[in-house]
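Written below as structure tokens is the structure these notes are about.
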Amino acid sequence: MINFNVPPYTGKEMEYIKKAVENQKICGDGEFTRKCNAWLEEKTGTIKCLLTTSCTHATELAALLTDIKEGDEVIMPAYTFVSTADAFVLRGAKVVFVDIRPDTMNIDENLIENAITDRTKAIVPVHYAGISCEMDKIMEIANKHHLFVIEDAAQGIMSTYKGKALGTIGDFGCFSFHETKNYSMGEGGALLIKNECDVEEAEIIREKGTNRSKFFRGQIDKYTWVNYGSSYLPSDMNAAYLYAQLEMADEINEARLSIWNQYREGLQELSDAGKIALPFVPEGCVHNAHMFYIKAKDLEERTRLIAFLKKNGILAVFHYIPLHTAPAGQKFGRFHGEDNYTTRESERLCRLPMYYGLQKDQVDYIIGKVREFYA
Ligand SMILES: *Cc1c(COP(=O)(O)O)cnc(C)c1O
């Protein structure tokens with residue numbers, strides 16, 4: 001059986017976890033957390049990166065920092081994971097969904113402005129499959145209407161848009177290190193902060209509303225409760241696991257890209273024949289091979305395709321029931337404009353196995369089976 005995902009493992013993880021234990025500092029913000037933050041800052045060019053317990057929590061932190069409140073509206077695609085919406089719904093905001101582009105499955109940048117009201121506070125672009133949204137246009141709209149931009153870059157680490165790392169373009173960027181992502185710590189994430197003025201408050205909220213981060217840096221004598229907050233810092237043991245992978249990030253990225261390219265070449269013919277659709281990478285976007293998907297004709301064909309692959313020992317999956325069709329989505333959100341593509345395209349999409357360590361001959365086998373299905 002070829003699994004859909006296998007969590008990344010490079011070999012150094014256990015050694016680093018042991019080191020974290022021997023440091024006698026297994027709580028947050030130890031050696032490995034600092035190393036991961038520094039690595040991410042260096043790699044992305046952000047002024048500040050804070051490791052968090054998940055991408056969901058990084059987004060919650062961003063929602064707190066942007067002071068999203070009851071009555072506010074936040075614009076995002078409905079084709080996304082629930083966390084994107086949850087973080088804002090928790091603060092009492094209403095989610096306004098707009099349609100996606102069928103080519104990238106990202107929010108359609110041309111539909112955003114029309115969804116803005118005097119209650120709109122933020123735009124949340126989701127970089128689906130690690131392929132960037134049209135950020136120039138989104139930033140232009142945000143600047144014109146004085147809105148925050150919080151990038152859901154859960155899938156976007158190592159990807160760029162016109163040379164800029166995803167997660168560093170908006171006011172805040174959120175990464176995920178869940179086991180299904182390119183780099184993992186089991187459960188975990190990171191908040192990337194663009195503006196210096198947000199750094200201190202972010203550190204305080206992440207540390208239960210205290211100024212403990214300043215205390216650890218020796219900037220104050222004792223720490224105290226200065227604001228509301230929560231606990232968004234992961235254990236250093238988890239960070240140790242992640243650091244082993246960040247050290248090998250380029251190698252992992254290249255391995256994934258070569259799988260992605262192999263799929264792309266192997267399935268091009270079916271795409272040329274109009275039988276399936278393949279992912280599209282717009283000019284100016286460099287992606288990280290987070291996922292490889294194909295699009296079947298419709299839901300019925302996709303159901304048969306997934307069953308056929310399963311029968312042949314291949315686990316292919318779909319995801320994201322569009323949020324506006326889910327009970328909570330109806331309660332906490334509304335869809336602005338027409339759903340031309342969100343539902344239709346989500347029903348066609350099928351993700352093929354993709355993970356670090358997936359072998360070339362396995363990919364060939366999968367390509368062969370997809371071709372066989374369409375023969
Ligand atoms: C994985 C994912 C998340 C959630 O990440 P966690 O680290 O599990 O909280 C949020 N948004 C998108 C688009 C994701 O793919």
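The values are calculated or read from the model by the stated rules, or taken from the named source; none is laboratory data. For clarity, every value in this text was computed on a predicted model and none was experimentally measured. Methodologically, a virtual Cβ is constructed for each residue, glycine included, from the backbone with ideal geometry; neighbour enumeration extends over all protein chains shown.
Quick check on Asn238: is it at pLDDT 95 or above and either within 22 Å of Tyr128 (Cα to Cα) or assigned to a loop (DSSP other than H, G, I, E, B) (or both)? Walk me through it before giving the result.
Numbers: at pLDDT 95 or above: yes; either within 22 Å of Tyr128 (Cα to Cα) or assigned to a loop (DSSP other than H, G, I, E, B) (or both): no.
So Asn238 fails the test.
Within the stretch 108-140, the set of residues being part of a loop (DSSP other than H, G, I, E, B) and within 14 Å of the ligand (Cβ to nearest atom) comprises Val124, Pro125, His127, Ile131, Ser132, Cys133. Is the stretch 164-174 home to any residue that is closer than 22 Å to Pro322 by Cα and modelled with pLDDT of 95 or more? Yes: one or more hits. What is the residue count in the stretch 312-331 for residues that are part of a helix (DSSP H, G or I), out of contact with any Gly (no Cβ under 7 Å at 6 or more places or on another chain) and surrounded by 19 or more Cβ atoms within 10 Å (Cβ to Cβ)? Within the stretch 312-331, residues that are part of a helix (DSSP H, G or I), out of contact with any Gly (no Cβ under 7 Å at 6 or more places or on another chain) and surrounded by 19 or more Cβ atoms within 10 Å (Cβ to Cβ) number 1. Only a single criterion out of (1) assigned to a loop (DSSP other than H, G, I, E, B); (2) in contact with a strand residue (DSSP E or B) (Cβ under 8 Å, 6 or more places away or on another chain) is not satisfied by Arg302, namely (1). Checking Glu283, Glu200, Glu269 one by one, the residue that is at pLDDT 95 or above, surrounded by fewer than 18 Cβ atoms within 10 Å (Cβ to Cβ), of a type outside the set (S, T, N, Q) and closer than 30 Å to Phe373 by Cα is Glu269 and no other. Scanning the stretch 152-165 for residues that are touching a residue at least 40 places away in the same chain (Cβ under 8 Å) and either buried (at least 24 other Cβ atoms within 10 Å of the Cβ) or in contact with a helix residue (DSSP H, G or I) (Cβ under 6 Å, 6 or more places away or on another chain) (or both) returns Asp152, Ala154, Gln155, Gly156, Ile157, Met158, Ser159, Tyr161, Ala165.
Counting only residues that are away from the ligand (no atom under 16 Å from the Cβ) and surrounded by 21 or more Cβ atoms within 10 Å (Cβ to Cβ), give me the helices (runs of 4 or more DSSP H) lying completely in the stretch 13-107 with at least 2 of them.
Numbers: elements: 13-22, 31-44, 55-65, 82-89.
Counting at least 2 such residues, we get 13-22, 31-44.
The one condition from (1) away from the ligand (no atom under 11 Å from the Cβ); (2) under 30 Å from Leu349 (Cα atoms) that Asp198 does not meet is (2). The conditions of being within 19 Å of the chain's Cα centre (by Cα) and among the aromatic types (Phe, Trp, Tyr) are met by Tyr293. For first residues located in the stretch 251-275 and among the β-branched types (Val, Ile, Thr), partners that are assigned to a helix (DSSP H, G or I) and at pLDDT 95 or above and lie 6+ apart or on another chain with Cβ distances below 7 Å form the pairs Ile252/Gln245; Ile259/Val363.
Considering the conditions (1) crowded, with 21+ Cβ neighbours inside 10 Å; (2) under 18 Å from Leu349 (Cβ atoms); (3) not basic (Lys, Arg), Gln245 is excluded by exactly one of them, (2).
Every residue in the stretch 346-367 that is without any contact (Cβ under 8 Å) to a residue 24 or more places away in the chain and more than 26 Å from the chain's Cα centre (by Cα), please. Talk me through it step by step, then tell me what you get.
Applying the first criterion (without any contact (Cβ under 8 Å) to a residue 24 or more places away in the chain) to the stretch 346-367 yields 359, 361.
The answer is Asp361, and nothing else.
Go through the stretch 169-180 and give me each residue that's surrounded by fewer than 24 Cβ atoms within 10 Å (Cβ to Cβ) and either closer than 18 Å to Thr59 by Cβ or in contact with a Ser or Thr (Cβ under 9 Å, 6 or more places away or on another chain) (or both). Write out each step before concluding.
At the first step, the residues of the stretch 169-180 found to be surrounded by fewer than 24 Cβ atoms within 10 Å (Cβ to Cβ) are 171, 178-180.
Across the stretch 169-180, the qualifying residues are Asp171, His178, Thr180.
If the condition is being in contact with a helix residue (DSSP H, G or I) (Cβ under 6 Å, 6 or more places away or on another chain), hydroxyl-bearing (Ser, Thr, Tyr), within 12 Å of the ligand (Cβ to nearest atom) and part of a loop (DSSP other than H, G, I, E, B), then the stretch 168-184 contributes only Tyr183. Under the condition of being among the basic types (Lys, Arg) and farther than 19 Å from Glu73 by Cβ, which residue from the stretch 141-164 is nearest to the ligand (Cβ to nearest atom)? Among them, the one singled out is Lys164.
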